Structure formats: C-alpha cells, structure tokens
1. Please identify the pairs in which a residue from the range 66-91 that is hydroxyl-bearing (Ser, Thr, Tyr) has its Cβ atom under 6 Å from the Cβ atom of a residue that is surrounded by fewer than 18 Cβ atoms within 10 Å (Cβ to Cβ) and outside any strand (DSSP E or B), counting only partners at least 6 apart or on another chain.
2. Out of the residues in the range 86-109 meeting the condition of being within 12 Å of the chain's Cα centre (by Cα) and of a type in the set (Val, Ile, Thr), tell me which one is surrounded by the most Cβ atoms within 10 Å (Cβ to Cβ).
3. Out of everything in the range 88-127 that is in a strand (DSSP E or B) and among the hydroxyl-bearing types (Ser, Thr, Tyr), what residue ends up being nearest to residue 65 (Cα to Cα)?
4. Could you look through the range 98-117, keep only residues that are without any contact (Cβ under 8 Å) to a residue 60 or more places away in the chain and in contact with a Phe, Trp or Tyr (Cβ under 8 Å, 6 or more places away or on another chain), and pick out the one that is nearest to residue 84 (Cα to Cα)?
5. State all residues of the range 53-85 that are in contact with a Pro (Cβ under 7 Å, 6 or more places away or on another chain), open to solvent by less than 40 Å² (accessible area, probe 1.4 Å) and in a loop (DSSP other than H, G, I, E, B); if no residue qualifies, say none.
Amino acid sequence: MKRLLPVLLVVVALLTAGCTDDAGPHKDSTGPSGPQTISESPSPQATDLANRYHAAGGGRDVVGIRQTKNKSGLPILTVWTQKKSGYTQFDDFATNLASFLAGEGVRLDQGYVLNVYGPDGARLHTYDTTPEKNP
C-alpha cells in the first residue's frame with residue numbers, strides 16, 4: 001500500500017496538469033494525438049484488459065483498452081467505449097483509468113496520450129499529459 005500511494009500521487013498530478021475546462025475533445029491533430037476516427041475493433045487483448053478494468057470497478061461502457069508506445073517510448077492509450085458523446089466527467093474517467101493501468105504495471109509517470117473512441121469510431125476525447133503539452 002505504501003508503494004501504491006506515490007504512484008497514485010504522480011498519476012493524479014499528471015492528470016491534473018493535462019486538464020482543460022471543457023469536457024469535449026482536446027483539438028490537436030498534430031503529433032501523437034491519434035486519428036480523428038478509428039476503423040479497427042478492439043483486439044482480444046484490448047477486450048481482456050477492458051474486462052479486468054470492469055472487474056476493478058471501471059465503467060462497463062469501456063469495451064477495449066490498448067496500451068502501446070510510440071517510437072520515443074511514450075505510452076499511447078486507446079480506449080473503445082459505447083458512449084456516443086463522450087464522458088461529461090472526463091477528468092474522473094481519465095483518473096480512474098490511469099489508476100487502474102498503474103495497478104496493471106503500466107508506467108505513466110513520464111506522461112501519456114489517451115484517445116477515446118465511440119461506438120461509431122469517432123474520436124471523442126484526446127488527452128495529452130506529456131511534458132511538451134504541459135510544461
């Protein structure tokens with residue numbers, strides 16, 4: 001438990017640094033933000049990770065979670081959700097997801113990019129906590 005607290009504090013600090021006042025997508029079509037739409041479905045591994053997220057108390061609307069890294073080693077998180085218009089309390093969603101992933105051993109302490117896609121493949125949210133976006 002003592003080891004988890006510092007990780008959670010770092011995650012909360014990173015999430016807070018990347019917050020904006022709006023609940024909608026962060027408009028940034030350059031860099032590692034991801035495509036405006038996605039045509040692929042979650043892989044079995046992404047579905048399995050979403051099922052573990054549900055078991056840990058995460059929302060059942062999440063149907064896939066993929067964690068990859070770009071060429072610089074930056075974590076790129078992709079979430080498939082059944083929500084059609086996104087999360088009105090996006091910061092709460094992002095905090096819960098980051099806490100879950102930290103518990104899964106995913107290192108997010110150097111920042112990450114989170115892209116959330118709806119059931120039609122449209123990007124609902126982009127959240128960038130990297131130092132370049134949050135000096």
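1. 81/61; 88/23
2. 95
3. At the first step, the residues of the range 88-127 found to be in a strand (DSSP E or B) are 113-117, 122-127.
Filter again for among the hydroxyl-bearing types (Ser, Thr, Tyr), leaving 117, 126-127.
Details: 117: 10, 126: 14, 127: 15 Å.
Filtering the range 88-127 for residues that are in a strand (DSSP E or B) and among the hydroxyl-bearing types (Ser, Thr, Tyr), the one nearest to residue 65 (Cα to Cα) comes out as 117.
4. 116
5. Of everything in the range 53-85, just one residue is in contact with a Pro (Cβ under 7 Å, 6 or more places away or on another chain), open to solvent by less than 40 Å² (accessible area, probe 1.4 Å) and in a loop (DSSP other than H, G, I, E, B), namely 74.
The values are calculated or read from the model by the stated rules, or taken from the named source; none is laboratory data. Being a predicted model, the structure only gives us computed values, none of them experimental. Note that each Cβ is placed from the backbone with ideal geometry, even for glycine, and that neighbours are counted across all protein chains shown. With ligands, DNA and RNA removed, areas are computed over all heavy atoms of the protein, side chains included. Shrake-Rupley method; radii C 1.70, N 1.55, O 1.52, S 1.80 Å.
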